[in-house]
Amino acid sequence: MTDCALIGILDDGWAGLADDARARLARAGCVIGAARTLALVAPYLAPGVRQRAMDGALAQVPAWVREAQADGLPVAVLATGDPLCHGIAGRLIAALGADALEIVPAPSTLQLAFARLKRPWQEVQVASCHGADSGDWDWVSGAEHGPDHGLYRVLRAVALHPVVAVFTSPANGPDRIARALLTLGYGADVRLSVAARLAGPDEALFPRLGLEEAAGQRFAAPNIAIVERVADQRQVFGLADGGFAKQDRTAQECAGLITKLEVRAVSLAKLALRPDSLVWDIGAGSGAVGLEASRIAYLGHCWAIEKESAQVADARVNARRLRAGNYSLFEGKAPVGLDAWPDPDAVFVGGSGGALDALIELIATRLRPGGRLVMNLIALENLAAATAALDRVGLSWDLIQLGVARSQPILGLHRLAALNPVWILTAFKES
């Protein structure tokens, strides 16, 4: 028997513990746990037992264990439910080694939540939003909704799975999750169930709430949230031009010139995206390329920048229509601000704002090995400048010219009407 046991416990306290867990606690000389769980077992501990509250001090737990062991004290660490399911077990195994721990799990609160709701859960995706308080999901400032946000992994799980069970935290509760989903464009197709204070005397269930209702309600902690949505059957690739909001061309010069479907399809193919690609979209316009890239790289993220306020507004509308939670949009002129973005696997340049040379030099240094840079160009001068810049920075490249003609009705018949030809310039960084 090892002298450190990691014991799962629920809010029914001592009464809900198995005999093995009780025996471990009875012989422990040091018990570590959240203040709430320590209070549940304190009356049953031997006199003089050393107690350590780990609230806000998780990083210190391995040192406390080693300290107690050095003093010859058997240790018990308390965790909620199953410590191996989004619990502390992984941290302790990494710090102390698997052989140094005996794990005595209780039923997971996840199991209890589905049991109370009488729902099978073998195909449910599990996510957690424990961590720092990042505030509400904010889609205006851009910087607030990247991968470091506390809700990011939960929102990506909801985008990819029809049922997601979420281990919440006091800061990132079900109400904040509901508000974030509303911000992303979800609505009546999503229901949110909450199981609060499981196994406690004040246990409460809130089945299948609408997002608006859940967003305005506070739920007692701890709780589990279950997000269910109708499966999203919308296409991933080849989105129609008419599905994107864009400014009328008469409103300002060059407005409304989104990358057309055919050019977009070839450009995205040239980017060679993986599911986990990190993408830059420079000169995002109405967001067509970057948003479609975010759907292809559904486990990755796209950072986009656009200098025209009207087009930024359109891109935000389009991002909400597509529920693009892995898309961050910034208003500004590149390369300003790009130093804060992570190194990309793929970069699309739809507009350079006159800084083409500087952008290519920057991208050449930041692009990851094996990465690609794709540029759409319509001006001869820009093509010449781009190829010369690529040669200077040592990136190999290839070039195609894409000419597209679309059918148009005419007097009961059909003719072909040509779109402006586009050069698609692709540069490669060696692996």
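The values are calculated or read from the model by the stated rules, or taken from the named source; none is laboratory data. The shown structure was predicted, so the numbers you read here are calculated from the model rather than taken from an experiment. For neighbour counting, all protein chains shown are included, and Cβ atoms are generated from backbone atoms with ideal geometry for every residue, glycine included.
Could you tell me whether L40 is closer than 17 Å to G200 by Cα and touching a Gly at 6+ places or on another chain (Cβ under 9 Å)? Judged against the criteria, L40 is a match. For the stretch 377-392, the criterion of being over 15 Å from V349 (Cβ atoms), part of a strand (DSSP E or B) and among the small types (G, A, S) is satisfied by no residue at all. Consider Q217 carefully, then state whether it is at pLDDT below 90 and either loosely packed, with under 14 Cβ neighbours inside 10 Å or farther than 28 Å from D343 by Cβ (or both). The answer is no for Q217. How many residues are in a helix (DSSP H, G or I) and either under 19 Å from A355 (Cα atoms) or not polar (S, T, N, Q) (or both) when one looks only at the stretch 269-310? So the count comes out to 13.
One line per residue, one yes/no per condition, for (1) under 29 Å from I296 (Cβ atoms); (2) modelled with pLDDT of 95 or more; (3) outside any loop (DSSP other than H, G, I, E, B); (4) touching a strand residue (DSSP E or B) at 6+ places or on another chain (Cβ under 7 Å):
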{"residue": "V126", "(1), (2), (3), (4)": "yes, yes, yes, yes"}
{"residue": "G150", "(1), (2), (3), (4)": "yes, no, no, no"}
{"residue": "A157", "(1), (2), (3), (4)": "yes, yes, yes, yes"}
{"residue": "G187", "(1), (2), (3), (4)": "yes, no, no, no"}
{"residue": "P207", "(1), (2), (3), (4)": "no, yes, yes, yes"}
{"residue": "E213", "(1), (2), (3), (4)": "no, yes, yes, no"}
{"residue": "A225", "(1), (2), (3), (4)": "yes, yes, yes, yes"}
{"residue": "Q233", "(1), (2), (3), (4)": "yes, no, no, no"}
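Taking the stretch 394-415 as the range and being surrounded by fewer than 16 Cβ atoms within 10 Å (Cβ to Cβ), outside any strand (DSSP E or B) and in contact with a helix residue (DSSP H, G or I) (Cβ under 9 Å, 6 or more places away or on another chain) as the test, only G394 passes.
Screening T109 on (1) crowded, with 19+ Cβ neighbours inside 10 Å; (2) modelled with pLDDT of 95 or more shows it passes everything except condition (2). Only residues that are closer than 13 Å to T168 by Cβ and either in contact with a helix residue (DSSP H, G or I) (Cβ under 7 Å, 6 or more places away or on another chain) or surrounded by 22 or more Cβ atoms within 10 Å (Cβ to Cβ) (or both) were counted in the stretch 197-214, giving 2. Within the stretch 69-92, the set of residues being over 19 Å from I9 (Cβ atoms) and in a helix (DSSP H, G or I) comprises Q69, A70. Is it true that L359 is touching a residue at least 60 places away in the same chain (Cβ under 8 Å), in a helix (DSSP H, G or I) and buried (at least 20 other Cβ atoms within 10 Å of the Cβ)? Yes: the conditions hold for L359.
Residue-level analysis places D19 among those that are surrounded by fewer than 14 Cβ atoms within 10 Å (Cβ to Cβ) and either closer than 21 Å to G72 by Cα or acidic (D, E) (or both). Among the residues here, S267 qualifies as in the same structural domain as G394 (by TED's automatic domain parsing), closer than 15 Å to L425 by Cα and more than 22 Å from the chain's Cα centre (by Cα). Reported count of residues in the stretch 52-65, each being at pLDDT below 95 and either of a type in the set (D, E) or assigned to a helix (DSSP H, G or I) (or both), is 3. Screening the candidates I32, I88, I93 for the property of being at pLDDT 95 or above, in contact with a Leu (Cβ under 9 Å, 6 or more places away or on another chain) and within 29 Å of I226 (Cα to Cα) yields one hit, I93. The set of residues from the stretch 275-332 being among the polar types (S, T, N, Q), buried (at least 21 other Cβ atoms within 10 Å of the Cβ) and touching a strand residue (DSSP E or B) at 6+ places or on another chain (Cβ under 7 Å) comprises S277, S294, N326, S328. Counting only residues that are free of Cβ contacts under 8 Å to residues at least 40 places away in the same chain and buried (at least 19 other Cβ atoms within 10 Å of the Cβ), the stretch 173-189 holds 1 of them.
Out of curiosity, is L40 within 26 Å of S128 (Cα to Cα), touching a helix residue (DSSP H, G or I) at 6+ places or on another chain (Cβ under 7 Å), free of Cβ contacts under 8 Å to residues at least 60 places away in the same chain and in a helix (DSSP H, G or I)?
Answer is yes for this residue.
No other residue among G370, G337, G325, G354 is in the same structural domain as A304 (by TED's automatic domain parsing), touching a residue at least 60 places away in the same chain (Cβ under 8 Å), over 15 Å from F428 (Cβ atoms) and not basic (K, R) apart from G325. Might you check whether a residue that is hydrophobic (A, V, I, L, M, F, W, C), within 20 Å of A106 (Cβ to Cβ) and within 35 Å of the chain's Cα centre (by Cα) occurs anywhere in the stretch 12-22? No, the conditions are met nowhere in the stretch 12-22. I'd like to check something: does the stretch 159-169 contain any residue that is surrounded by 22 or more Cβ atoms within 10 Å (Cβ to Cβ), at pLDDT 95 or above and more than 23 Å from L84 (Cβ to Cβ)? No, every residue in the stretch 159-169 fails to be surrounded by 22 or more Cβ atoms within 10 Å (Cβ to Cβ), at pLDDT 95 or above and more than 23 Å from L84 (Cβ to Cβ).
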